[in-house]
């Protein structure tokens, strides 16, 4: 089952897939989705610093800026599950 079919909190699962186009190799994807879900459940409107602290997963492809943008978009309601 793809991450798009398993959204976290109705919006987090898609933060790391299109339209943010974050995933590349997929190594970190499941951990990033879970961390994003936990962050948004606790902090519905996270700052960049909140995201930086919460996203402790290592991304081999270096997609951190796109992850941050995807989380901001999900927090704003721009991505739905």
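The values are calculated or read from the model by the stated rules, or taken from the named source; none is laboratory data. Bear in mind that the values here come from a model prediction, so they are computed numbers and not experimental data. Here the Cβ positions follow ideal geometry from the backbone for every residue, glycine too, while neighbour counts run over all protein chains shown.
Pick from segment 6-29 the residues that are more than 20 Å from residue 77 (Cβ to Cβ) and more than 11 Å from the chain's Cα centre (by Cα): which of them is modelled with the lowest pLDDT? Show your work before the answer.
Initial filter on segment 6-29 (more than 20 Å from residue 77 (Cβ to Cβ)): 23-29.
With more than 11 Å from the chain's Cα centre (by Cα) added as a condition, the list becomes 24-27.
Working: 24: 70, 25: 80, 26: 78, 27: 83.
Residue satisfying both the conditions and the ranking: 24.
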Scanning segment 30-54 for residues that are farther than 12 Å from residue 75 by Cα and crowded, with 20+ Cβ neighbours inside 10 Å, the one modelled with the highest pLDDT turns out to be 35
